[in-house]
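The values are calculated or read from the model by the stated rules, or taken from the named source; none is laboratory data. Values in this document were obtained by computation on a predicted structure and should not be read as measured data. Don't worry about glycine lacking a Cβ; one is built from the backbone with ideal geometry, like all the others, and counts go over all protein chains shown. We work out accessible area using only protein heavy atoms, side chains counted, and drop any ligands, DNA or RNA first. Shrake-Rupley method; radii C 1.70, N 1.55, O 1.52, S 1.80 Å.
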Number of protein chains: 2
Amino acid sequence: MIVDLNGKQIESEAARLDPSDRGFTLGDGLFETIRVKSGKPKRLEAHLARLRAGAKVLAMTVPTTDKGIAKRVDSVVSANGLTDAAVRLTLSRGPGARGLLPPEADAPTLLITATPLPPPPEAARAIIAYSTRRNEQSPLAKIKSLSYLDNIIARQEAAGYGANEALLLNTQGRLAEATIANLFLLIDGLLVTPSVEEGALPGVVRAELIAKFRAEEGRLEVNDLGRGEEAFLTNALGVRPLIEVAGQPIGDGQPGLVTQMLAARL
Amino acid sequence: MIVDLNGKQIESEAARLDPSDRGFTLGDGLFETIRVKSGKPKRLEAHLARLRAGAKVLAMTVPTTDKGIAKRVDSVVSANGLTDAAVRLTLSRGPGARGLLPPEADAPTLLITATPLPPPPEAARAIIAYSTRRNEQSPLAKIKSLSYLDNIIARQEAAGYGANEALLLNTQGRLAEATIANLFLLIDGLLVTPSVEEGALPGVVRAELIAKFRAEEGRLEVNDLGRGEEAFLTNALGVRPLIEVAGQPIGDGQPGLVTQMLAARL
């Protein structure tokens with residue numbers, strides 16, 4: 001696999017990260033996952049806008065222009081002979097000495113990788129994570145940061161129960177999101193999704209559903225799952241039916257019609 | 001600087017981390033900071049016990065025995081010609097493909113670095129962080145994980161106000177800890193510290209104060225700071241006076257007697 005590390009293409013086996021990189025030592029950075037379809041990155045502008053918004057929260061430098069990043073993405077995708085791919089941008093604060101305060105002049109690390117687009121995942125049968133909560137009171141809930149361990153813990157908990165996803169509650173006990181996706185419910189014919197204030201990551205496909213399909217943001221309690229005619233999860237790679245939560249079916253326990261139409265379209 | 005990477009000593013400039021290391025891509029790992037005094041690591045047993053407790057929470061492998069780690073620590077310290085040092089163990093889950101679930105057989109990365117012991121820091125003048133909250137409802141609050149970005153954000157906020165530390169509140173608005181240290185108050189002649197349930201990291205020096213000086217764990221409200229005759233912060237490197245919070249002095253605004261005695265002793 002060929003990766004782009006700070007603007008240079010290199011075989012991943014030969015790519016070297018400095019062990020003092022704050023991405024490694026402190027989870028100090030951001031990432032984006034971007035779907036590439038027929039050679040074209042989808043919603044690249046929205047992804048890069050979110051990356052820059054995150055960098056602003058962290059007072060981090062993005063080392064190049066959006067155009068520069070777009071060019072690197074294209075090159076890595078074609079260098080790997082891919083046309084449909086999942087691209088990951090990883091931006092860390094770069095090397096740093098001991099201590100939490102970033103160095104005055106940061107030298108960020110920007111890694112771009114491209115892997116073949118995975119097949120659409122099975123419909124989700126989720127648990128509700130008991131192991132941890134999404135901290136909607138942290139700015140990290142609004143950015144896609146490298147400090148991602150809470151979501152890993154929830155995903156491991158799901159695996160322990162033989163489920164393939166976990167829904168995270170916020171610190172108030174309301175629904176926030178899934179471990180790698182936003183949550184949508186169809187209730188009374190309307191799409192609803194937890195608001196960003198509730199701890200939902202502002203996903204790019206989520207934003208599109210709000211803009212184009214008038215999905216509403218709000219507060220969702222766990223028992224609102226029982227009112228869902230359909231449910232699905234969204235992330236940059238697509239729309240995934242959510243057919244069961246904690247052993248109970250959503251609607252009739254089959255991917256719903258609206259879900260299927262959106263999955264085909266987005 | 002010579003580091004130990006997976007049991008091999010190497011110049012840090014030559015050390016190479018795999019860009020797919022989950023420590024880098026997902027903050028998936030743990031760390032410990034250990035004080036070395038006159039060539040001897042202090043409280044090493046307690047640090048390694050906490051590392052193993054964290055690894056258990058994350059279902060991660062610790063790649064060698066405590067004895068093996070102790071040996072590596074000693075070697076790195078002497079290879080760098082140090083007798084008083086700050087050693088950092090960084091244990092990550094190692095390389096992984098896309099996705100949150102760890103690989104079935106993990107190949108953890110264990111990095112050991114040793115740097116000269118920094119001079120004792122100035123007395124702390126802290127803010128109360130408004131930017132973020134400590135999530136006491138996450139198991140991450142109880143382990144020293146690589147997903148450390150909330151604390152960085154709070155430390156940056158402090159720097160923005162010209163302060164040198166930040167106190168983090170938990171999601172209920174009570175005192176939890178500082179960004180790299182535990183918090184103690186002396187109230188009515190008794191030492192008190194936020195309990196682990198309140199979001200305090202179970203620090204090794206903190207544990208010693210509880211065991212040897214009958215410090216009490218409990219719930220501390222922000223306005224309990226006004227009752228503090230003295231206050232101080234503890235971490236593996238020592239005891240640091242806390243003389244001011246949000247512009248208001250603690251006690252008479254000078255390092256207190258108890259604080260100074262503990263700083264000299266621990």
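Descriptive notes on the structure:
- Counted charge near A:Ala59, where neighbours are those whose Cβ lies closer than 14 Å (Asp, Glu -1; Lys, Arg +1): +1
- Heavy atoms of chains A and B lose about 4500 Å² of accessible surface on contact, summed over both sides with a 1.4 Å probe.
- Partner chain coverage, peptide B:184-192 - average Cβ within 10 angstrom: 0
- Using a cut-off of 21 Å between Cα atoms, the listed pairs A:Lys67/A:Lys212; B:Lys67/B:Lys212; A:Lys42/A:Lys212; B:Lys37/B:Lys67; B:Lys37/B:Lys71 include A:Lys67/A:Lys212; B:Lys67/B:Lys212 as exceeding that distance.
- Within the same chain, lysines fewer than 8 places from B:Lys144 are excluded, and of the rest, those with a Cα less than 16 Å from its Cα are B:Lys56.
- Label 7 Å beyond Cα on the Cβ vector: A:Gly189 copy-to-copy distances, nm: 7.4
- Chain-alone versus full-assembly comparison, the stretch B:25-56, residues with accessible loss of at least 50 Å² (1.4 Å probe): B:Thr25, B:Leu26
- Summary for A:Ala211: label point 7 Å along Cα→Cβ; distances to the equivalent points in the other copies, ascending, 5.8 nm.
- Net charge, A:Leu233 excluded, C-beta distance under 11 Å - Lys, Arg +1, Asp, Glu -1: 0
- Dividing the mean sequence gap of close Cα pairs (under 8 Å, 6+ apart) by how many residues the stretch A:160-266 holds gives a relative contact order of 23 percent.
- Note on B:Gln248/A:Ala53: beta-carbon distance plugged into 1/(1 + (r/R0)^6) with R0 of 25 Å gives a FRET efficiency of 0.15.
- If you wrap the tightest convex hull around every Cα atom of the stretch B:73-122 and split its volume per residue, you get 107 Å³.
- Heavy-atom accessible area per residue - the protein assembly as shown, 1.4 Å, Å²: 42 Å²
- For B:Ala14, label point 7 Å along C-beta direction: distances to other copies, nm: 1.9
- Span from the the stretch A:221-244 Cα centroid across to the the stretch B:91-169 one, whole angstrom: 33 Å
- If R0 is 22 Å, the Cβ-Cβ spacing of A:Arg98 and B:Ala107 corresponds to a FRET efficiency of close to 0.25.
- Lys/Arg +1, Asp/Glu -1 at C-beta; chain A dipole; positive extreme among A:Leu101, A:Thr132, A:Leu242: A:Leu101
- The trypsin sites (Lys or Arg not before Pro) of the stretch B:187-220 meeting both criteria, a DSSP state outside H, G, I, E and B (loop) and at most 14 other C-beta atoms within 10 angstrom of the site's C-beta, are B:Arg214, B:Arg219.
- Positive contributions from Lys and Arg (+1) and negative ones from Asp and Glu (-1), summed over other residues with Cβ under 14 Å from the Cβ of B:Lys144, come out at +4.
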